[in-house]
Amino acid sequence: MKNTLLLLIIIQLYSCKSEPKNLLESERGQNPTELNVKKIENKISKPISETDSKTEFDIGYIKSKTSPLSKTIDIEKIDVKNLEKIPEDFITRYITPHKIEIGYPENLHADFPEAYAFNEFKEYENFYLYTFTYDDESCCRTLYAVTAEKDNLKPISISVIGYEGGDGGWIGKKYGKWFSDFRIENTDISNYDEESAEQNKETEIDTTWSEIQLNKKGVFKYIEHHKVKYIGNKQVE
């Protein structure tokens, strides 16, 4: 009887020690490198749609980042610090590939995405319009207007509608207002400091009164109405 009990105890102890070996048999058959790779893959694997897809922008997104379009165009009155920054993905898809029809430069770039911010928005019958600011730290803060197709937000037309800034001896400002849903009045003032023959500084002041028209297809058109130039106190144009 004692021998039987002793044999049962030994069998039980042996079974307990063998169970961990059975649990690890499938892992011991693999080499350690393969095992670690599989464990890492299991931890980080996600559907492609969750990891590699880009943000899908729609008009609801733009509306949530902007305020309704106001009649006044004066960049000094825009609280830029509280505007929503434009994501780089949006910039490279909907802004930088399109040529600027009215204003400068010919194309914007996405080297400094933090320079872009959404401003205002308006819906038209055939297109959307939104504005954004761009801060060029070496020169100016510029206000752009973009018209976009309703089905895919592809830009139709981009125009400068306001700016302020200076560089070297130049200081300039463009401001105005919407006097209808399709027309903007603009005043553009540029001051230049020049050296005269007597080495006395004289300021050249150029003032241009213009209009930006927007047709029903969303295309901007620039019309210059009047321009004057002064050097010192003398009108030269």
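Yes or no: residue 189 aliphatic (A, V, I, L, M), under 19 Å from residue 72 (Cβ atoms) and open to solvent by 20 Å² or more (accessible area, probe 1.4 Å)?
yes
Would it be correct to say that residue 221 is within 20 Å of residue 140 (Cα to Cα), open to solvent by 30 Å² or more (accessible area, probe 1.4 Å) and among the basic types (Lys, Arg)?
Details: within 20 Å of residue 140 (Cα to Cα): no; open to solvent by 30 Å² or more (accessible area, probe 1.4 Å): yes; among the basic types (Lys, Arg): yes.
So residue 221 does not fit the description; no.
Would you check if there is a residue in region 201-216 being open to solvent by less than 80 Å² (accessible area, probe 1.4 Å), in a loop (DSSP other than H, G, I, E, B), of a type in the set (A, V, I, L, M, F, W, C) and within 21 Å of residue 119 (Cβ to Cβ)?
Taking every residue of region 201-216 in turn, none turns out to be open to solvent by less than 80 Å² (accessible area, probe 1.4 Å), in a loop (DSSP other than H, G, I, E, B), of a type in the set (A, V, I, L, M, F, W, C) and within 21 Å of residue 119 (Cβ to Cβ).
Mind checking whether some residue in region 206-221 is at pLDDT 95 or above and more than 34 Å from the chain's Cα centre (by Cα)?
no
Within region 117-135, which residues are over 21 Å from residue 186 (Cα atoms) and open to solvent by 10 Å² or more (accessible area, probe 1.4 Å)?
Selection gives 123, 124, 125, 126, 128.
Restricting to region 144-198, and then to whatever is closer than 23 Å to residue 229 by Cβ and among the polar types (S, T, N, Q), can you tell me which residue is modelled with the lowest pLDDT?
Of everything passing the filter in region 144-198, 196 is modelled with the lowest pLDDT.
Return the pair list, or none, for Cβ contacts closer than 6 Å from residues in region 54-77 that are farther than 24 Å from residue 174 by Cβ and hydroxyl-bearing (Ser, Thr, Tyr) to residues that are assigned to a helix (DSSP H, G or I) and modelled with pLDDT of 95 or more, at least 6 apart or on different chains.
Going by the 6 Å Cβ cut-off, the qualifying pairs are 55/89.
One residue is enough: does region 162-178 have a residue meeting the conditions among the β-branched types (Val, Ile, Thr) and over 22 Å from residue 107 (Cα atoms)?
The answer is yes, given that some residue of region 162-178 is among the β-branched types (Val, Ile, Thr) and over 22 Å from residue 107 (Cα atoms).
The values are calculated or read from the model by the stated rules, or taken from the named source; none is laboratory data. Small disclaimer: the values here were computed from a predicted structure and weren't measured. Positions of Cβ are generated from backbone atoms using ideal geometry, with glycine treated the same way; all protein chains shown enter the neighbour counts. SASA here: full protein model, heavy atoms, side chains in, ligands and nucleic acids out. Shrake-Rupley method; radii C 1.70, N 1.55, O 1.52, S 1.80 Å.
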